[in-house]
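The values are calculated or read from the model by the stated rules, or taken from the named source; none is laboratory data. Model, not experiment: these values are computed from the prediction. Note that each Cβ is placed from the backbone with ideal geometry, even for glycine, and that neighbours are counted across all protein chains shown. Just so you know, the surface numbers come from the protein's heavy atoms only, side chains and all, with ligands and any DNA or RNA stripped out. Shrake-Rupley method; radii C 1.70, N 1.55, O 1.52, S 1.80 Å.
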Amino acid sequence: MERGKISVRDLRLYYNNNQALKNVNMEIKEKRVTALIGPSGCGKSTFLKCLNRMNDLAEHMRMEGEVLLDGEDIYDERVDVTVLRRRVGMVFQSPNPFPMSIYDNVAYGPRLHGMKKGERLEEIVEHSLRSAAIFEEVKDRLKKPALGLSGGQQQRLCIARALAVEPEVLLLDEPTSALDPVSTLKIEELMKSLRGNYTLVIVTHNMQQAARVADDTAFFLGGEVVESGSTDSLFCRPKDKRTEMYITGRFG
């Protein structure tokens, strides 16, 4: 039986007096892909950012409850947020490569954490690019600007950049929403190949994508988790009428 990598208990989040998340409870299993689905504004991305404390950057944010990573509360005041975000990496909706070379984009994180130039850094860059299924496309232009890549390549580069610091968990916030179908397929294949080594959590508006890539799925509505479980069960045998209505396109 797969163990829980992240346990979320009675999570409530407020921006000023607006409650964005309401008593969210969820187990995110290790080395599987978990998809978060639901209509716009339902709390999916807000929840995702709670998992590596990206919401700390928001003004007037208040959070109650627990987010446990391997049994330890990531919101404990003793937690080093920099170390946490190394363990729990994030890839955003729009590709955001740094204005530097392809090589320097991937080497950025290891250098930030103190790694010096040398053979080990070369290995990490190549391994990360291979893991993100882009090495063969860029191996002859590693010193060229990353901004010269296509959108799909840029997104895979951003995934390689996240992998370079050897995270345990990878959060992806609608990683294919800005991409064409061919690039989307490559990212989906990449997610499936990564699941054996990493715990992935993906926000997607594309229910077909969730069905294709996710082992587990959670349906958010109005800041709450209506239902969560194996993707097959949720799509084929939903327990809640609202889940059934959403996945059959009757609202949302």
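State to the nearest 20 debye the size of the charge dipole of the chain about its Cα centre, where the only charges are +1 on K and R beta carbons and -1 on D and E beta carbons. Working shown, then result.
Values: 36 positive and 36 negative charges, 76 e Å.
Once rounded to the nearest 20, the dipole reads 360 debye.
Axis of helix 119-131 versus longest Cα principal axis of the chain: the two differ by about 50°, to the nearest ten degrees.
Across the stretch 48-53, coupling constants 3J(HN,Hα) worked out from phi with the 6.51/-1.76/1.60 Karplus curve, θ = phi - 60°, read 4, 5, 5, 6, 9, 6 Hz, and Gly and Pro carry x.
How large a share of the accessible area of the chain, in percent, is made up of carbon and sulfur atoms when the probe is 1.4 Å and the other protein chains stay in place?
Values: 5740 of 12200 Å².
Ligands and nucleic acids excluded, carbon and sulfur reach 47 percent.
Pull out a ≥ b ≥ c, the square roots of the eigenvalues of the alpha-carbon gyration tensor of the stretch 40-136, then state rounded if a/c is under 1.5, prolate if not and a/b is larger than b/c, and oblate in the remaining case. It comes out prolate by the Cα gyration axes.
Taking a ≥ b ≥ c as the square roots of the eigenvalues of the Cα gyration tensor, the stretch 176-238 is classed as prolate, since a/c reaches at least 1.5 and a/b is larger than b/c.
Relative to the longest principal axis of the Cα atoms of the chain, helix 151-163 runs at roughly 90 degrees. Placing R0 at 22 angstrom, the Cβ-Cβ distance between Q208 and D232 gives a FRET efficiency of 0.95 after rounding to 0.05.
Taking all protein chains together, H113, H127 sort by accessible area into H127, H113, largest first [probe 1.4 Å]. Taking every protein chain into account, the accessible area of the stretch 93-252 amounts to 47 square angstrom per residue (probe 1.4 Å).
From the Cα gyration tensor of the stretch 88-149, with a ≥ b ≥ c the square roots of its eigenvalues, which class applies: rounded if a/c is under 1.5, or else prolate if a/b is larger than b/c, or else oblate? Intermediate results must be reported in sequence, preceding the final value.
Values: a/c = 1.43, a/b = 1.14, b/c = 1.25.
Because its axes are fairly even, with a/c under 1.5, the stretch 88-149 counts as rounded.
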